[in-house]
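Structure, as structure tokens:
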Amino acid sequence: MDSAVIQSLVERLDELLEQYEEPKLNSRESALLRGTLGGQKYTHLSQEPDSALAYYQPGYIGKVIAPPLYKRLTRVLREVGVLKPTETLTQKKAPEYLSRLLDFPSSPAECSAESERDSELFYWVGRKSAIAQCREKLLQDCRILEILGITGIGKTFLTKRLLAEPALKSALSEVIVLNFESPRTSFETLVEMLLGDALSGNPELYGKYPERVIRALVTELQDSPHIVILDMVEESLESDGEGQIRFNDCRFTQLLEEVLRVATMPSRIILTSQIYLPVLNEGRYPLRKYGVTLQGLDEEESLELFAKREIIPSSESALYCLKRIICAHAGHPLTLRTIAGEIREAPYDGSILAYWNDYGSEIEGEAASNNENALFVPRLDCYSPQLTDYVKIRVEKSFDRLLDSAPLAAYLLAMGATYTEAVPRNFWLDMISEYPQNEAKLAFLSLQRRFLLNAVRESDRVFYSVHPLIRRVALENVDRAYARIQS
Ligand SMILES: Nc1ncnc2c1ncn2[C@@H]1O[C@H](COP(=O)(O)OP(=O)(O)OP(=O)(O)O)[C@@H](O)[C@H]1O
Ligand SMILES: [Mg+2]
């Protein structure tokens, strides 16, 4: 069992014991459980010099320390419903029975907190003025909103946040999302989504008469207020050979220009892109189009991002180090989220200082030595390949560490990375169904705990996907991950 998962199970048991007013695990009991979940026998435990059980006879552990512990845990776990009344916790059964806790919310209150957490927006922080500006523009006559910025800066997340704005929700009831990362996404997809059934009675709208399709789309957008999200538009752009960029399918340009041109347009289109977008209608209708370029989060917002992910400095020096981490990454949210996941996991277990001691000099030092003792503060403008590379390197390092500490989880991430769509947890578990179910569940939990998955709840189901940048890194390393779990 992965050490991070063992840690979370032990923490969970402690919470349960406290909830049922039982004494928490003492250091010997905690060492016993950690060792047992890690597959160690009592003889091993008594030989570990750093363990709280070092130098205890195996017989003493088995006869004196273990029985009251298992008895106490059996009582509590039966009460919570994790164990049936006929089941008893023993050393042999501990891994199987205790891993059930992974699927088991400990109280109704936690249940709802967890489902709130499943909603990605629970983790949203800051960007108040960007939200307010975008909302106001969209409620006025701004028909096209462009959200620009480097990978992982929060463009897609901002569109989701905007969709949750009550004023926009009530003004624009129909939502259509097109993600160009998927190679299957094309202009036809948009036509299909917007016109749907209307097309089947009118097949000539396809291909033959593009201007009629554009007309039909614009009419639909005028008749019922939609909000259309065109996400990762950079994937659908190409160079025109004269230093400008354009849509690789000119019908997108025609449609967008028409949306800007017509006299009334209640629908809104939001585009996200890592690179600047083509100029439309030669820059006419400036009030009908608005662009925001996202920078990193500021220090306060970044601290809140960490706090929401349970990384809270417990001393002045920890706060100081966290601020340096934030500054070194210019508040880049995807990188900070990945770092939060690492700090939370073993061996750091939430200790910012322990993480800083290991990586602080790497985070600041490498760049400083390149820049002759100037502290490296990456720039976050749209065209900063330097930062994009830097962010990718940080994500690659996180992947390497995941591969070291939880190889099956790294392999699962690489397998899951082959999907661009979000899929349910069972689907993820099936990707590694050749492994025991417990191990597969733990691998999935490792990814969740490290914040490597994006969770989206749709009515009663939760779907999990991987951020495009993390996905790219995972896909590049799929062979290494496979070799690692085979070894
Ligand atoms: N304002 C925010 N508050 C909290 N977390 C954020 C915020 N913005 C971004 N994040 C975190 O960063 C992650 C990456 O953001 P997002 O997917 O929106 O990036 P992106 O700019 O769309 O990247 P790409 O160009 O690669 O698609 C989010 O899933 C979220 O975890
Ligand atoms: Mg995105």
**Item:** Single condition residue 117 does not satisfy, out of (1) outside any loop (DSSP other than H, G, I, E, B); (2) at pLDDT 85 or above; (3) within 30 Å of residue 272 (Cβ to Cβ)
**Value:** (2)
**Fill in**
Taking the stretch 233-275 and keeping only residues that are out of contact with any strand residue (DSSP E or B) (no Cβ under 6 Å at 6 or more places or on another chain), basic (Lys, Arg) and closer than 19 Å to residue 148 by Cβ, one is left with 246
**Fill in**
Sole miss for residue 423 among (1) at pLDDT 90 or above; (2) open to solvent by 20 Å² or more (accessible area, probe 1.4 Å); (3) over 22 Å from residue 4 (Cβ atoms) is condition (2)
**Fill in**
Over the stretch 441-471, the set of residues within 10 Å of ligand 1 (Cβ to nearest atom) and free of Cβ contacts under 8 Å to residues at least 40 places away in the same chain is 453
**Request:** Show the residue pairs that are 6+ apart or on different chains and have beta-carbon atoms under 9 Å apart, the first residue being within the stretch 220-240 and assigned by TED's automatic domain parsing to the domain that holds residue 154 and open to solvent by 40 Å² or more (accessible area, probe 1.4 Å), the second being within 16 Å of ligand 2 (Cβ to nearest atom) and among the hydrophobic types (A, V, I, L, M, F, W, C).
**Result:** 235/180
**Message:** Looking for something crowded, with 18+ Cβ neighbours inside 10 Å, assigned to a helix (DSSP H, G or I) and over 18 Å from the mean Cα position of the chain (by Cα) - is there at least one such residue anywhere in the stretch 138-149?
**Reply:** yes
**Prompt:** Which condition number does residue 171 fail, the rest of (1) away from ligand 1 (no atom under 16 Å from the Cβ); (2) crowded, with 19+ Cβ neighbours inside 10 Å being met?
**Reply:** (2)
**Fill in**
So, first residue open to solvent by 20 Å² or more (accessible area, probe 1.4 Å) in the stretch 20-45, second residue of a type in the set (D, E, K, R) and modelled with pLDDT under 85, Cβ within less than 7 Å, six or more apart or across chains; the pairs are 20/79; 24/18
**Message:** If I filter the stretch 285-314 down to residues being within 16 Å of ligand 2 (Cβ to nearest atom) and of a type in the set (Val, Ile, Thr), which single residue comes out as surrounded by the fewest Cβ atoms within 10 Å (Cβ to Cβ)?
**Reply:** 293
**Message:** If residue 292 meets every condition in (1) over 25 Å from residue 189 (Cβ atoms); (2) touching a helix residue (DSSP H, G or I) at 6+ places or on another chain (Cβ under 7 Å); (3) part of a helix (DSSP H, G or I) apart from one, which number is that one?
**Reply:** (3)
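Among the candidates 258, 282, 242, 235, which residue alone is more than 23 Å from residue 124 (Cβ to Cβ) and within 16 Å of ligand 2 (Cβ to nearest atom)? Steps first, answer last, please.
On the way: 258 fails: within 16 Å of ligand 2 (Cβ to nearest atom); 282 fails: within 16 Å of ligand 2 (Cβ to nearest atom); 242 fails: within 16 Å of ligand 2 (Cβ to nearest atom).
Residue meeting the stated conditions: 235.
This table checks each residue for (1) in contact with a strand residue (DSSP E or B) (Cβ under 8 Å, 6 or more places away or on another chain); (2) open to solvent by 20 Å² or more (accessible area, probe 1.4 Å); (3) modelled with pLDDT of 90 or more.
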{"site": "53", "(1), (2), (3)": "no, no, no"}
{"site": "87", "(1), (2), (3)": "no, yes, no"}
{"site": "113", "(1), (2), (3)": "no, yes, no"}
{"site": "127", "(1), (2), (3)": "no, yes, yes"}
**Fill in**
In the stretch 446-487, anything within 19 Å of residue 345 (Cα to Cα) and either assigned by TED's automatic domain parsing to the domain that holds residue 311 or open to solvent by 30 Å² or more (accessible area, probe 1.4 Å) (or both) is listed as 448, 449
**Yes/no for residue 479 being modelled with pLDDT of 85 or more, assigned to a helix (DSSP H, G or I), over 26 Å from residue 9 (Cβ atoms) and away from ligand 2 (no atom under 16 Å from the Cβ)** = yes
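The values are calculated or read from the model by the stated rules, or taken from the named source; none is laboratory data. Everything quoted here is computed from the prediction, not taken from an experiment. Positions of Cβ are generated from backbone atoms using ideal geometry, with glycine treated the same way; all protein chains shown enter the neighbour counts. In case anyone asks, the SASA skips ligands and DNA or RNA and just uses the protein heavy atoms, side chains included. Shrake-Rupley method; radii C 1.70, N 1.55, O 1.52, S 1.80 Å.
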